[in-house]
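To start, the structure itself, in structure tokens.
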Amino acid sequence: MLAALDLATGRLYYRIRPRKRWREFLGLLKALRTRWPGEKLYVVLDNFSPHKHAKVRAWGADSDIELVVLPTYGSWLNWIEAEFAAVRQFALNGTDHRSHDEQNAAIAAYVRWRNARAEPKGAFAPDSPIRSWTEYPVRAA
């Protein structure tokens with residue numbers, strides 16, 4: 001499952017694919033670009049290697065999508081991680097799906113239910129100076 005969380009609406013957008021390579025991730029980014037044409041998109045990512053693939057980065061830069069990669073072991077900073085926990089809790093835990101199709105249907109049902117009740121995730125700062133940081137300061141020992 002590859003997913004994106006729209007902080008402005010609280011809605012979850014996802015794709016289930018057999019694999020999670022850079023090509024599948026790029027497909028999700030292209031779908032997001034189509035959904036919000038002409039807007040600058042900020043996509044917060046963990047250190048999963050497909051997120052940092054050269055072709056993904058190049059396409060993102062050409063498509064006005066800023067890929068914000070969190071530090072190693074910092075994925076808990078990404079708001080979507082709580083959503084993944086909820087998907088596990090409400091669609092997967094305690095189940096014994098007979099097939100991937102059945103499992104995918106359970107995930108889809110949960111996401112539909114969740115998105116019907118979605119609310120904006122609160123104020124966030126698109127103009128914050130932190131967005132211009134490309135390097136973290138190194139502390140002297």
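Read-outs throughout are calculated quantities, based only on the coordinates presented, and are distinct from any laboratory measurement. Predicted, not measured: the structure shown is a model, and the values here were computed from it. All Cβ positions, glycine included, derive from the backbone under ideal geometry; neighbour counts span all protein chains shown.
Annotations for the structure displayed:
- Couplings 3J(HN,Hα) for segment 32-49, derived from phi with the Karplus relation 6.51 cos²θ - 1.76 cosθ + 1.60 (θ = phi - 60°), are 5, 4, 5, 5, 10, x, x, 9, 6, 10, 10, 10, 8, 10, 8, 8, 4, 4 Hz, where x marks Gly and Pro.
- Antiparallel bridge percentage (DSSP; both residues within the chain; nearest 5): 45 percent
- Under 16 Å from LYS121, Cα to Cα: aspartates and glutamates that are on another chain or at least 8 residues apart: ASP6, GLU81, GLU83
- At 0.692 mPa s and 37 °C, Stokes D of segment 39-109 from Kirkwood alpha-carbon radius, µm² per second: 229 µm²/s
- Net +/- balance of residues flanking VAL56 in space, Cβ distance below 12 Å, scoring K and R +1, D and E -1: +4
- If the convex hull is drawn through the Cα atoms of segment 9-133, its volume per residue in Å³: 130 Å³
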